[in-house]
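J.: Handing you a structure now.
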Amino acid sequence: MPHERCSGLSGSRETATPFDTPAPDEDRSPAPPPRPVPSPGPAPAGRGGPPAARRDAWFDNAKYLAIVLVAVGHAWEPLRSDSRTVTALYTFVYAFHMPAFIIVSGYFSRGFDASPARIRRLVTGVAVPYVVFEVAYTLFTRWSDHAPDREISLLDPLYLTWFLAALFVWRLTTPVWRQLRRPLPVALVVAMLASLSSSIGNDLDLQRVLQFLPYFVLGLCLRPEHFRLLRRRRVRVAAVPVACCALAVAYWSVPHLGYRWFFHRDSAEQLGVPAWYGPVMTLATFGCSLVLTACFLAWVPGRRTWFTALGAGTLYGYLLHGFVVQGAKPAHWYDPAWMHGPLGAVTATLVAAVVVTLLCTPPVRRVFRCVMEPRMEWAFRGREDRLAQDGPRNADRVLSGSR
């Protein structure tokens, strides 16, 4: 994907969301109306309102399809040792599903300016769900993993919560990246240096935060026209042989456990290879992930589909499906012998896709909105304080604004 300087993106804000609904950029407190920008994909048909108020069906479709791949990848994990084909597919999917999420998250973080309204949204939309689900997963896995003494630690993300911790850090540093002349090369250097260091601890899963950082920074540097390039017919056609070659390489890499590099959670030394492998593999996996992310996005339909609306609830699917995955172990779902053959792989794939789809639906979102998108008016300074901060020019907007 081409990129540009982040400094040229100031003032460009989208109304779609990066990963969930709403994102930390999409404040629910009174804010200036967003400036319309060209849509990367076809505009949704049959929807009223001004263009700036519309959600982009292409991004919602991409988020839904990516979250399905996340769930399917987790469902395949107990089957990796039984099938080289499953492991190859697992490697292929892991090469791009989280990079795709992170790039899109970065793209919709371009307007983050650390203003009070956006900080409030960052706290309620990312920090609070992180705390809630870190505690919830710790308590749940005490039972599912038979680890009754597992400590609750907000500094050591457990299971899926690492992404929320990383997103919180990345968002806070967005103003810094927007000021740099060449942010992407700097982020790549940071990731390469992280792969050399085995002394980075588990606090906030910092190794992952640093190694996945280039994808977020790339998203900050992208513009709508870059995504439109992926919608060209020749790109979609070219994506087919490229993906087939990637699958062949993934199949070849299975004996070498190549998928571990795409986790981005260990240094080279921790993976049992010489230190210089770290920077080399950082660049190699970055290039591979970008190519496959481009292929994935090129295949995403731009029109409204039956699953488009589910793209607004992908954070719910992401955080909630982990309880089903963790519960599969004590429930012995993978114990039958047939589960470790082709039929079992197909069954696990379909069940994972159905479960995560249901978890993205509006009824589920209504039930869990209190912890995913809490309002928390009591925790922040009142309307009078915001009025004093915003100044006379925005007085009318603050006083008359509605949620």
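The values are calculated or read from the model by the stated rules, or taken from the named source; none is laboratory data. Keep in mind it's a predicted model, so treat the numbers as computed, not measured. Ideal geometry is used to build each Cβ from the backbone, glycine not excepted, and the neighbour counts take in all protein chains shown. In case anyone asks, the SASA skips ligands and DNA or RNA and just uses the protein heavy atoms, side chains included. Shrake-Rupley method; radii C 1.70, N 1.55, O 1.52, S 1.80 Å.
J.: Highest first, please rank the peptides 60-68, 364-372, 160-168 by the mean number of other Cβ atoms sitting within 10 Å of their residues.
T.: 60-68, 160-168, 364-372
J.: So how much slack lies between ARG381 and GLU151, counting 0.36 nm per residue of separation and subtracting their Cα-Cα distance, in nm?
T.: Taking 0.36 nm per residue and subtracting the Cα distance, the gain is 79.5 nm.
J.: Next up: Assuming 0.36 nm per residue, please report the length gained on full extension of the stretch TRP338 to ARG182 beyond their Cα-Cα distance.
T.: Contour length minus Cα-Cα distance gives 50.9 nm.
J.: Checking the a/c ratio against 1.5 first, then a/b against b/c, what shape does the Cα gyration tensor give for the stretch 179-247?
T.: oblate
J.: Turning to a different aspect of this structure: Please list 3J(HN,Hα) in residue order for the stretch 67-81, calculated via the Karplus relation 6.51 cos²θ - 1.76 cosθ + 1.60 where θ = phi - 60°; whole Hz, with x for glycine and proline.
T.: Here the 3J(HN,Hα) series is 5, 5, 5, 4, 5, 5, x, 5, 5, 7, 4, x, 9, 4, 6 Hz.
J.: Can you sort TYR137, TYR159 by 1.4 Å-probe accessible area, starting with the largest?
T.: I get TYR159, TYR137, largest accessible area first.
J.: Between VAL354 and GLN270, what is the label-to-label distance in nm when each label sits 7 Å out along the Cα-to-Cβ direction?
T.: Placing both labels 7 Å along Cα→Cβ, they lie 3.7 nm apart.
J.: Compute the distance from the alpha-carbon center of the stretch 95-168 to that of the stretch 317-368, in whole Å.
T.: Centre-to-centre (Cα) distance: 21 Å.
J.: LEU229 to VAL131: FRET efficiency via 1/(1 + (r/R0)^6), r the Cβ-Cβ distance, R0 51 Å, to the nearest 0.05?
T.: Efficiency for this residue pair is about 0.85.
J.: Now a separate question. How would the stretch 66-205 be classified by its alpha-carbon gyration tensor: rounded, prolate or oblate, with rounded meaning a/c under 1.5 and the a/b versus b/c comparison settling the rest?
T.: oblate
J.: For all pairs of alpha-carbon atoms in the stretch 175-315, what percent lies in each bin of width 5 Å, listed from the first bin to the last filled one?
T.: Distribution as computed: 2, 8, 15, 17, 17, 17, 13, 8, 3, 0 percent.
J.: Under the Karplus relation 6.51 cos²θ - 1.76 cosθ + 1.60, θ = phi - 60°, what is the ordered set of whole-Hz ³J(HN,Hα) values for the stretch 345-354, x standing for Gly and Pro?
T.: Result, rounded to whole Hz: 5, 5, 4, 4, 5, 5, 4, 4, 5, 5.
J.: Highest mean first, what order results for 302-310, 351-359 on Cβ atoms within 10 Å?
T.: 351-359, 302-310
J.: Where does the stretch 320-370 land on the Kirkwood hydrodynamic radius, alpha-carbon pairs, in angstrom?
T.: So the Kirkwood estimate lands at 12.2 Å.
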